[in-house]
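Step one of this worksheet: look at the structure below.
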Ligand SMILES: [Fe+2]
């Protein structure tokens, strides 16, 4: 009798443990190959330039959806053991589009910082390269903004570095990323409507004008020269 009770108890413990483990896996997605980067700021910290609502949708829904698609598509393939950058370099079709959007948004969200914490102008080697290649920091911002406002439809405008350390600005439709051209992305401006429509409606130009307040050039400096 004691043996039967002991077996029943062990069986109950086993089922309970499995159920709890399954629930935890489901809640935290611990088996996912790729995960969203943790944001180093609160959801409301970029206000008034980027609202909490925009961030909750853009990071929490759009970025998460691209990530979920990638995790579903790489499962059981050689890509689940590769860095995201390699997937963007090597893949095509739907996997490329979703992987590039994950990478693009990782770069984008980690470039932002609350206005009081952000470094508003680059220094050092990056500042020197900007002056050399664009004439001035302001002239570079004008070029980036002009390309971002004139890009037709959805896409990204990038400040990138080539293999010689020169800076280039490029406009990419949809999910385009500079690494597909052998360039290192330094700063990406998301001009998909989902990036600005909640806060700025159809005024893309104003959304870009306001974005400068929350771009942290310290992060961009750290990316420069890492080629
Ligand atoms: Fe986006």
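The values are calculated or read from the model by the stated rules, or taken from the named source; none is laboratory data. Treat the numbers as computed from the prediction; the structure is a model and nothing was measured. So basically every Cβ, Gly included, is an ideal-geometry build from the backbone, and we count neighbours across all protein chains shown.
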For this session: Please find, within segment 72-95, the residue that is farthest from the ligand (Cβ to nearest atom) out of those that are in contact (Cβ under 8 Å) with a residue 24 or more places away in the chain and buried (at least 18 other Cβ atoms within 10 Å of the Cβ).
Result: 74
Seminar exercise, completed: Selection over segment 213-227 where residues are closer than 13 Å to residue 111 by Cβ and in contact with a helix residue (DSSP H, G or I) (Cβ under 7 Å, 6 or more places away or on another chain) yields a count of 6
For this session: Tally the residues that are surrounded by fewer than 16 Cβ atoms within 10 Å (Cβ to Cβ) and assigned to a helix (DSSP H, G or I), restricting the search to segment 138-163.
Result: 6
Problem set entry | Filter result (in contact with a helix residue (DSSP H, G or I) (Cβ under 7 Å, 6 or more places away or on another chain) and more than 13 Å from the ligand (Cβ to nearest atom)) within segment 37-71 | 37, 39, 43, 44, 46, 49, 51, 53, 69, 70
Exercise. Among the residues of segment 170-186, is there at least one that is more than 16 Å from the ligand (Cβ to nearest atom), without any contact (Cβ under 8 Å) to a residue 24 or more places away in the chain and under 15 Å from the mean Cα position of the chain (by Cα)?
Worked result: yes
Exercise. Regarding residue 55, is this residue at pLDDT 95 or above, under 14 Å from the mean Cα position of the chain (by Cα) and part of a helix (DSSP H, G or I)?
Worked result: yes
For this session: Report, by residue number, each residue of segment 187-227 that is within 16 Å of the ligand (Cβ to nearest atom), in contact with a strand residue (DSSP E or B) (Cβ under 9 Å, 6 or more places away or on another chain) and in a helix (DSSP H, G or I).
Result: 195, 208, 211, 214
Exercise. When you go through 166, 106 one by one, which is the residue that is in contact (Cβ under 8 Å) with a residue 12 or more places away in the chain and surrounded by fewer than 16 Cβ atoms within 10 Å (Cβ to Cβ)?
Worked result: 166
